[in-house]
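Only one structure is covered here, and it is reproduced in the block below.
Derivation of every value follows stated rules applied to the coordinates shown; laboratory data play no part. Bear in mind that the values here come from a model prediction, so they are computed numbers and not experimental data. Virtual Cβ from ideal backbone geometry, glycine too; neighbours counted across all protein chains shown.
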Amino acid sequence: MIISLRIQNFALIDKLELEFDSGLNVLTGETGAGKSIILDAIDIALGGKVSHRLIRTGTQRTLVEATFRADAALIAWLSEQEIDLLDETDLVCSREMAMPQGNLRSRTRVNGVLVNRKLIEGLRERLVEITAQGQTVQLMLPELQRGLLDMYGGLPLGQQRDRVGVAYLAS
C-alpha cells in the first residue's frame, strides 16, 4: 500500500508531498490538473521509462520518492533480496534523474541503496499495477488470474493447492 509520494522538479511540478490513507484513494480534477503526472511519478519511482522531458524546465535534476507499507509476503521477498526495511514495514523507493552535460542519468534506490533494473521490476510487480487505456488485456492472462486467486485466497488456499498438486503427481 502506498503511504506517501514526494516529488521535486518533476514535469510541471516544483514540489509536492502527498499522504495517502488506507483503503481507496481517488484522484479527481479537471483535464490538465496533474492527475497523470502523479501516476507517472509513481511509475518512475518503480522503474518506469524515463525521459529528459520529465525534468522540470529550468532545472537540472528531479527526484521522485514513494513510500510503501510492506505486507508479510513482500517482507519475505525483500529479505531474500537482502533489502532491509527502514522500520518494520516501510519501504522507500526513489528515483533521481539528472542531465549533466546534456546526458540523462537515472539512479533508483530502495531504502537508500542503489538497485538494478531487475530488482526494481520485481518489486514493482509486487507493489502496484498501473493500467492505462487498452491495457486491460492483462486480466485475461491465466497466470495473472491464478496469482490474484492465490493472493486473495491466502495461505489456506495455497496449502490446499499444494495438497492437490501432490495428490495429482502421486496418481
How much mean residue ellipticity at 222 nm does the chain get from its helices, if each DSSP H run of length 4 or more adds -39500 (n - 2.57) and you divide by all residues, to the nearest 500 deg cm²/dmol?
-11500 deg cm²/dmol
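Report the charge-dipole magnitude of the chain in Debye, nearest 20, computed about the Cα centre from +1 at each Lys and Arg Cβ and -1 at each Asp and Glu Cβ.
Details: 19 positive and 22 negative charges, 144 e Å.
So the dipole magnitude of the chain works out to roughly 700 debye.
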Calculated FRET value between ASP87 and SER171, using beta carbons and R₀ = 45 Å, to 0.05:
0.40
Determine, for MET97, MET151, MET140, the number of other Cβ atoms within 10 Å of each Cβ, and report the residues in order from fewest to most.
MET140, MET151, MET97
Relative contact order [Cα under 8 Å, 6+ residues apart], the chain, whole percent
19
What's the Cα-based Rg to Rh of the chain, Rh via Kirkwood?
1.04
